[in-house]
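So the structure is just underneath, and the comments pick up after that.
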Amino acid sequence: MSERRVGVDIGGTFTDFVLSSGASGRTALHKTLTTPSDPSVGALTGLDELLAREGLAAADLSEIVHGTTLVTNAVIERKGAKVGMLTTEGFRDTLEMGNEQRYDIYDLDLSFPDPLVSRDLRREVAGRLDALGREVTPLDEAGLLAQARALRDAGCEALAICFMHSYRNPAHELRAAGLIKAEWPDMAVSVSSAVVGEISEYPRFVTTCANAFVQPLMARYLTRFESELSARGFAGELRLMTSAGGLVPVETARALPIRLLESGPAGGALATAWFGKAAGLPDVLSFDMGGTTAKACLIEDGAPHIAPVLEAGREHRFKNGSGLPMRAPTVDMIEIGAGGGSVAAVDDVGLLKVGPSSAGAAPGPACYGKGGSEPTVTDASVLLGYYDPERFLGGRMTLDRSAAETAMEQVAGPLGLDPVQAAWGVHQTVAESMASAAQIHMVEKGRDPRRHAMIGFGGAGPAFAARVARVLGIAEVIIPPASGAASAFGFLSAPLTVDLVRSRPMDIDTALGGGIDALVGEMTAEALAELGDAGVAEKDAKLFPVLDIRLKGQLHVVGVPLPDAPTEAGLRAAFEAVYLDRYSRRPAEAPLEILSLRLRAQGPAPTLEVGTGQRATDGAKARARKVWTGDGWQVASVHDRSALVPGVEITGPAIIEEPESTTVIPLGDSVSADTAGNLRIKVKVAHEAAVKIPADLPLAEAKARLEDDPIALEIMWARLVTITEDMWQTVCRTAFSLIISESQDFGCALLDPDGETIAHSARVMPVFNITLPRAVRHILKRYPAETMREGDVYVTNDPWECAGHLFDIAVVTPVFSEGRVVALSATVGHVGDIGGTRDGLSASEVYEEGLQIPPMRLVREGEENEDLFRLMEENVREAVQVLGDVRSLVTANARGAAQVRRFLTEYGLRDLRGLAAVVQDRSEGAMRAAIAALPDGTYSSEVDFNPMGTRMTIPMSLTVAGERITVDFAGAPPQVARGGINCTMSYTQAHATYPLKCMLTPGVRGNAGCYRAFEVTAPEGSILNCRKPAAVSLRTRTGWYSSPNIFRAMSKVVPGAVRAYSGLPSVLTFWGTDEQGRDFSEMLLLGGGQGAGQGSDGRGALLWPTSAASSSIELMEQRLPVVVLEKGFVTDSGGPGAARGGMATRVRVRRREAVGAMTCQVAPEGVDLPVHGLHGGLPGLSSYAVHRKDGRELDCGTGAILTLGDPSEEVELVLSAGSGFGDPAERPDTMVAEDIRLGRISETAARDAYKSAARSENAA
């Protein structure tokens, strides 16, 4: 058979084809419209057209490589099979609870994706394994078959089997699958241990359900596609492209279709790798910009990085956390909402924003003349002269310049610019956004963009590649031939591949004592068998094993290639090299731990050649047109790409046109074509910008200069936020404790030299937005900026000047420029232990609660303060964990400081005074405008709480006066002498102002200016403004009640901007020694039910008023000798209302075995506290906790410390549910019926609380 091969990439709008004719090197391209109703129709039609044009038949092809958006579209559009889920008893609601995190801290009405399996089709089966893979309870086979039969009878055509700890021991899952297939051979079954054999139940369950959801769809599609190809005479091999950039046979695609989720982008990354290699550049940055999005991907040693997880089906496409986590290997890339159709607008602070909303293909940009009226990136390109309206897409489409100008006036007017200047701003903003995203992507991997070349492709990529490269400091850009069909081309470069992962947590001695060898042997045999089935001989296979290694106690891992003969010293050296490369800090001297092994097995890579099919016309005459360069109009030379002569250099400004795209060569850059048909752009990289804001410039003048350029202002503000995001990611990846690394109880910020916040990370714990800058200012009082030295790091945990209790440690690093402190990089995190008593309810003074750290130098000119570290080590119980967390905060600060210094150099600033003042003033202006829109008046409320078994009341009055709000807690109860529930004023201020920020300016970036219009007062000596040395360790049990008080007060004024009472978080804490005598101590943070809003049901299990996440139960059980018997919702618990409150969560836990010692502290929040909802909504279930022992059930009241002596003892914690909003009788009948069907409410509750029977009688 011939060597002719075809790559087929089915995209959202077009289906692309690339025909490679093997040794001849000839390549042919083709495009046809995608047929969404049945993508195979467009694919087959286009294939017929391509073959007819080339004079070939399907029988002449040896292979077809196929990538498709079928899986992605099915997940996004929810057009898959009806799926049933069989899961471990007690874990039916894992799919719905997720990680309990609010992915946007200021949005009170967050939407989350619905689970792929509805609650009525999620069935529980008895049978349990522990974290060591041992059977705790046998599998109930009869019960399993009964539940499977019920799901089949309900119309399910696919089942997902998801049992706890199946990654460690798949026996129960495999037995269940065997029983079901024996009973119903036609049933599609997905088994979680086969789909993704990795620890962490939520993403594994989601991925398995997604696989089941698309399995029947993909099977039908492939059967039809194969049949049609066979009818055309095709007798070659059909392969499918995976998200990880490998090929799989049809049989694998049928069994594991979820691995095809991002096949198109994977092809683009492979094409980049191929073109980079061909150009002698094995390390490049891929830049792909289309109509809606732009993607960046790092290529090293000729291959893209592979990530273990991606998000699909996001509610907000470009907000992390708003989608479904898919544990499937995928090419690691970052995506942002900036494409040709991205819409430009002016935001709430008067600055330019581009994306993420898009005009799409219909109506499209205004210049398309198809009804679009909003200004887009494409409209900007037309106004700047980059696109020729008469020759767009090779002349197949004419653009309307006047329509583009009219649209651009919508942003030009508010910015005080003309349309062309606004268009230039759009281009600058987009380039900066894409560069920032790419920089994050590379910095996370410890890579410097300036050491790489860029390869640009996609419909809009060549127009922006050089500009993005300049921002990144990249000196060379390559625009390859066939860039319009890069993904299809990349498919043809991919080898057959098998990707496997197995989680097997083990210490280094176990690993080197045979653990690694056994796991490698098991996985290698599986991978080689699968490759063999696809026709790859064992001798031709290449194996790439990678160990996921971490420091013992850490949560996150780094991938380390497994050497042929691993030793402890060798693994340690390899781990430290990767860690140092990524985080610029040598890891702590803690033991290593192996979490997982990842194995990639590949067959031989195909041979691929590119023939451009173009013949240059020597001396072809260039055209000319004017383009805008930022400083004015200049004449640019315009060239047809097909006419370029290799080696002839063209200086910018210049335009290179071809039917698929337009390449823009900015002023100062140059381009030439090489003999392979690539455009090679030399980018003029400015190493240091001219000084725009000197250090001695008066503040007023500095502000004026920055305000004069609103485009640059937006770009700089966004860059500072990007820096804090990198700091946040660093903490997540380097911290040791569950509470910081997994639950994310920390925050990062950049502050001006006076300690006022300029920018903070998007997912900062909200309370830290007020308390962290206060801690910084406290440090500055003791250590004025002029006394600080480079390399210094400062620390404090003073509850009265930091975050309200000793567990929150603030770490502050000065940022120097030209010998002066120009900014402060700061983090604060909740450590797992701080010494002192564990029984906060018994403490009477802060001295009993742990180690107090006044403002001190933690690091002096780069050297750790050994005395302070030793003092901390001797005064906390989990020294390795606590000091590891502190060093993680130091590492994040150092990364932030380094990036601030680079930022100052890039933008010609000598300090941040002017920029800080401008952004803070703009945020302040937006807040004052929002307050002014409220009616003046005093609005009062009070809230009850029950932290220690006796109900207390906090009154509050909120006064709106012009542009200011005063919150007064006059009449608050006096501070308590015992119990740790007192709040410092810093903590009260934080929780009183946070809900106001959410209500009034949720879309404005947070900084010090957001809070200047607020004043918060509370009587000194009260429970909300306690005097030292009051006990404060449990201050959340008082401070968290501020938000329901404020929402209730404002509910009649702005009912659509508030929520009813939300069930507050509670904590389970465990400590002791395990069966091997090792100490342990961890806490599990859990969220209650969210209060309902106007027309919006509350969500169950949401950690309000925090931005924290709950921990994986499997991860917790791997770190603690416990078995969690249940984590699920409680029926009839959500507060009734026209909108229902979120359901309560029940958790039941016991010891894993009797050996060792264990103590559990349980702290239910909201015990015996039914809180009425708003506008007639009713209370939800109140929290409680019980200890079951020796056949008795002991009430834990508002908190207890329990000694658990035997696995038969059980602790149960129920968290409070959310309250309702509106009269329950007004809830639509359809929603009541849906709640009954899903088991959220019973028929009794429907009759009693929602008056369903009365409604039926009235209707009759």
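Worth pointing out:
- Unique residue being under 27 Å from GLU201 (Cα atoms), part of a strand (DSSP E or B) and not assigned by TED's automatic domain parsing to the domain that holds GLU100 when the list is GLU315, GLU335: GLU335
- Of the residues making up region 177-194, those that are touching a strand residue (DSSP E or B) at 6+ places or on another chain (Cβ under 6 Å) and of a type in the set (Gly, Ala, Ser) are ALA177, ALA188, SER190, SER192.
- For region 1121-1130, the condition holds for no residue, the condition being that it is over 18 Å from ALA1185 (Cα atoms) and acidic (Asp, Glu).
- Considering residues of region 789-843 that are among the hydroxyl-bearing types (Ser, Thr, Tyr) and within 29 Å of the chain's Cα centre (by Cα) only, the residue nearest to THR905 (Cα to Cα): SER825
- Exactly one residue out of LEU1125, LEU1068, LEU1084 is within 24 Å of the chain's Cα centre (by Cα) and outside any loop (DSSP other than H, G, I, E, B): that is LEU1084.
- The residues of region 894-914 that are among the polar types (S, T, N, Q) and either touching a helix residue (DSSP H, G or I) at 6+ places or on another chain (Cβ under 8 Å) or under 15 Å from SER825 (Cα atoms) (or both) amount to a single one, GLN899.
- Close pairs from region 413-429: first without any contact (Cβ under 8 Å) to a residue 60 or more places away in the chain, partner outside any helix (DSSP H, G or I), Cβ under 8 Å, at least 6 apart: HIS427/LEU384
- Taken across region 729-740, residues that are out of contact with any helix residue (DSSP H, G or I) (no Cβ under 8 Å at 6 or more places or on another chain), closer than 22 Å to ASP911 by Cα and either buried (at least 24 other Cβ atoms within 10 Å of the Cβ) or in the same structural domain as ILE834 (by TED's automatic domain parsing) (or both) do not occur at all.
- So GLU849, is it outside the structural domain of ALA1108 (by TED's automatic domain parsing), of a type in the set (D, E, K, R) and in contact with a Leu (Cβ under 6 Å, 6 or more places away or on another chain): yes
- On the stretch given as region 308-328, residues that are surrounded by fewer than 24 Cβ atoms within 10 Å (Cβ to Cβ) and either of a type in the set (Asp, Glu) or over 13 Å from the mean Cα position of the chain (by Cα) (or both) total 3.
- Strands (runs of 3 or more DSSP E) contained in region 928-995 and holding at least 2 residues of a type in the set (Gly, Ala, Ser) and in contact (Cβ under 8 Å) with a residue 24 or more places away in the chain: 937-945, 952-961
- Scanning region 697-712 for residues that are closer than 19 Å to LEU417 by Cβ, of a type in the set (A, V, I, L, M, F, W, C) and in contact (Cβ under 8 Å) with a residue 40 or more places away in the chain returns LEU706, ILE711, ALA712.
- Qualifying position, being touching a Pro at 6+ places or on another chain (Cβ under 7 Å), at pLDDT 85 or above and assigned to a loop (DSSP other than H, G, I, E, B), among ALA565, ALA605: ALA605
- When region 10-44 is filtered for residues that are over 20 Å from GLU660 (Cβ atoms) and either over 36 Å from the mean Cα position of the chain (by Cα) or aromatic (Phe, Trp, Tyr) (or both), the ones remaining, listed by number, are SER21, GLY22, ALA23, SER24, GLY25, LEU44.
- Top-ranked residue of region 669-686 - restricted to ones that are small (Gly, Ala, Ser) and over 16 Å from THR629 (Cβ atoms), ranked as surrounded by the most Cβ atoms within 10 Å (Cβ to Cβ): ALA673
- Here GLY647 passes the criteria (1) in the same structural domain as LEU383 (by TED's automatic domain parsing); (2) at negative phi except the one numbered (2).
- Each residue in region 375-399 was checked for being more than 15 Å from GLY341 (Cα to Cα), part of a loop (DSSP other than H, G, I, E, B) and touching a Phe, Trp or Tyr at 6+ places or on another chain (Cβ under 8 Å), and 3 of them qualify.
- Selected residue (criterion: surrounded by the fewest Cβ atoms within 10 Å (Cβ to Cβ)) from residues of region 996-1019 that are β-branched (Val, Ile, Thr) and in a strand (DSSP E or B): THR1017
- Each residue in region 322-332 was checked for being part of a strand (DSSP E or B) and either without any contact (Cβ under 8 Å) to a residue 60 or more places away in the chain or farther than 25 Å from LEU599 by Cβ (or both), and 1 pass.
- Within region 1197-1254, considering residues that are in contact with a Pro (Cβ under 6 Å, 6 or more places away or on another chain) and over 30 Å from LEU1034 (Cα atoms), the one modelled with the highest pLDDT: PRO1224
- Tally, over region 623-648, of residues that are farther than 22 Å from ARG401 by Cβ and of a type outside the set (Val, Ile, Thr): 6
- Number of positions in region 547-575 that are in contact with a strand residue (DSSP E or B) (Cβ under 6 Å, 6 or more places away or on another chain) and polar (S, T, N, Q): 0
- Counted residues, region 634-668 - those being under 39 Å from the mean Cα position of the chain (by Cα), surrounded by fewer than 18 Cβ atoms within 10 Å (Cβ to Cβ) and modelled with pLDDT of 90 or more: 2
- Against the numbered list (1) within 17 Å of VAL71 (Cβ to Cβ); (2) in contact (Cβ under 8 Å) with a residue 40 or more places away in the chain; (3) among the charged types (D, E, K, R), LYS319 comes up short only at (1).
The values are calculated or read from the model by the stated rules, or taken from the named source; none is laboratory data. Keep in mind it's a predicted model, so treat the numbers as computed, not measured. In this analysis, Cβ positions are derived from the backbone assuming ideal geometry, glycine residues included, and neighbour counts consider all displayed protein chains.
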